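Here is the structure we will look at, set down as structure tokens.
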Amino acid sequence: MNLSEKYQSVREYTKAICQPLQTEDYVVQPVADVSPPKWHIGHTTWFFETFILKPYLKDYKEFDPSFNYVFNSYYETVGARVIRTDRGNLSRPTVEEIYKYRKYVDAAMNEFLQQNLSKEIREIVVLGLNHEQQHQELLLTDIKYILGNNPLFPAYQSSSEQANHEDFDSKNPFIQVAEGIYEIGYEGNEFCFDNELQKHPVFLTDFKIAKKLVSNGEYLEFMNSGGYKNFNYWLADGWEWVKANRVEGPMYWHLINGEWHYYTLGGLQLLDLNEPVCHVSYYEANAFAEWKQMRLPTEFEWEIAANHFNWGRRWEWTESAYLPYPGFLKAPGAIGEYNGKFMVNQMVLRGASDVTSPGHTRITYRNFFQPNLRWQYTGIRLAQ
Ligand SMILES: [Fe+2]
């Protein structure tokens, strides 16, 4: 696939994700972390207009100069913007206008991508496509939050989220890795984010890591044995979080007439005990591991062992803080704001999830979220 075809296919997939939505679904922002779908489709378009078309397409005429204020997410270099918590208060621009904006930018990008482009410009286009793929996953998780917090629990699509359950040797549920110096980080000619670069050696002591993710059934045992009522299992911040939010189980779990149900993109379903647990915070993952008298893997252990187990169904919490690798380099200008400035107060997640866009996974990929967040498809893999 050449760059122009790749552009079209990624942009089409965003539209396909939104296809089942009603106009009203595009607008609401039930909590600060969940952006309205219309904002995602405007913002991903703004990215190409701001970082490609305005600087590099000769005679490009901006669609609407006021959109920069509305669709800039966090780029200080690019100027003032609507505060994040106010994204759901924007009844204008309308969904229809935003789709017109998308069409307008796509036409200009299509023209632009026919030209002979420098390596530097092609790299920004590829970054824009990977950025859009990140927002595709956010779109799905935000849609799930919007519909899953509606008292009617409407389904987004008819199919369920279940995949085939993996078979594995239950006598040997752990992989053993020997002490040594291992290489961490991305090296190669394909795309990666700046936070994966600078391959470097890391010393690891002997460790074991589970072949399988923690299941709903195992997590339910933790709940039934009083996991949420015993401070001993919890980090101090986690225990405060449990009490302040009266947390009693993973997000989207509902006890209805004595039976556990969970909300999926296919609607409300009976809890499947064999599915990997989903929508848990770092605090919960950490407390579960503590209860099991184990721990979470570090991101380095995960990266070294991941060739030996199946991954990709859940973003797996690690016990590594999100920090720069040695020699981390920030790109000049606004693009340098992409990852580096978020390297504080967040934990690294490895893997990918059921709703990660096709082709957007790598063993060196570093996702990151604050420890209390759980609206992403987050899960638990144990280590010891
Ligand atoms: Fe973004």
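Note down the relative contact order for segment 178-252 as a percent, whole number, built from C-alpha pairs under 8 angstrom at least six residues apart.
So the answer I get is 24 percent.
For segment 274-279, take each phi angle, set θ = phi - 60°, evaluate the Karplus expression 6.51 cos²θ - 1.76 cosθ + 1.60, and give the result in whole Hz per residue in order, putting x for glycine and proline.
Rounded to whole hertz, the list is 8, 6, x, 4, 9, 6.
When the accessible area of the chain is computed with all protein chains present and a 1.4 Å probe, what percentage of it is carbon and sulfur?
Result for the chain: 50 percent of the exposed heavy-atom area is carbon or sulfur.
Before I look further, what does segment 1-64 give for accessible area per residue, probe 1.4 Å, in whole square angstrom?
Value returned for segment 1-64: 46 Å² of accessible area per residue.
Hey, if you drop one equal point scatterer on each alpha-carbon of the chain and run the Debye formula without solvent, what base-10 log of I(q)/I(0) do you get at q = 0.07, 0.09 Å⁻¹?
Taken in order of the listed q values, log10 I(q)/I(0) reads -0.34, -0.56.
Between their Cα atoms, which of 144/212; 292/341; 54/144; 54/119; 171/199 are more than 29 Å away from each other?
292/341; 54/144; 171/199
Tell me which trypsin sites (Lys or Arg not before Pro) from segment 79-186 have a DSSP coil assignment and no more than 15 other beta carbons within 10 Å of their own.
For trypsin sites (Lys or Arg not before Pro) across segment 79-186 that sit outside H, G, I, E and B with at most 15 neighbouring Cβ atoms in 10 Å, the list reads 171.
Quick one: which residues, 5+ away or cross-chain, put their amide H under 5 Å from the amide H of residue 368? H built at 1.01 Å from N.
The answer is 349.
Take the chain, mark every one of the GluC sites (Glu not before Pro) that falls in a DSSP loop and has at most 10 other Cβ within 10 Å, then report the longest stretch left between them, sites excluded.
That would be 191-384.
What are the ³J(HN,Hα) couplings of segment 52-59, residue after residue, when phi is run through the Karplus curve with 6.51, -1.76, 1.60 and θ = phi - 60°? Round to Hz, x for glycine and proline.
Karplus-based 3J(HN,Hα) across segment 52-59 equals 10, 5, 5, x, 10, 8, 4, 6 Hz.
Kindly write out, for segment 364-379 in residue order, the coupling ³J(HN,Hα) from the Karplus curve 6.51 cos²θ - 1.76 cosθ + 1.60 (θ = phi - 60°), rounded to whole Hz, with x marking Gly and Pro.
9, 5, 10, 8, 7, 8, 5, x, 8, 8, 8, 7, 7, 7, 9, x
Given H placed 1.01 Å from N in the peptide plane, which residues other than close sequence neighbours of residue 184 have an amide H under 5 Å from its amide H?
Amide H neighbours of residue 184, under 5 Å, 5+ apart: 200, 202.
Under a 5 Å amide H to amide H cut-off, with H placed in plane at 1.01 Å, what residues pair with residue 215 once short-range neighbours are removed?
Under 5 Å from the amide H of residue 215: 277.
Please report the relative contact order for the chain, taking Cα pairs under 8 Å with a sequence separation of at least 6, and give it as a percent rounded to a whole number.
Taking the mean separation of contacting Cα pairs over the length of the chain, I get 18 percent.
How would 194, 354, 206 line up by accessible area, probe 1.4 Å, largest first?
These residues rank, largest area first, as 206, 354, 194.
The values are calculated or read from the model by the stated rules, or taken from the named source; none is laboratory data. On a predicted model such as this, the values are computed, not experimentally measured, just so you know. Every residue, glycine as well, gets a Cβ built from its backbone with ideal geometry; the counts of neighbours run over all protein chains shown. Protein only, heavy atoms only, side chains kept; ligands, DNA and RNA dropped before computing areas. Shrake-Rupley method; radii C 1.70, N 1.55, O 1.52, S 1.80 Å.
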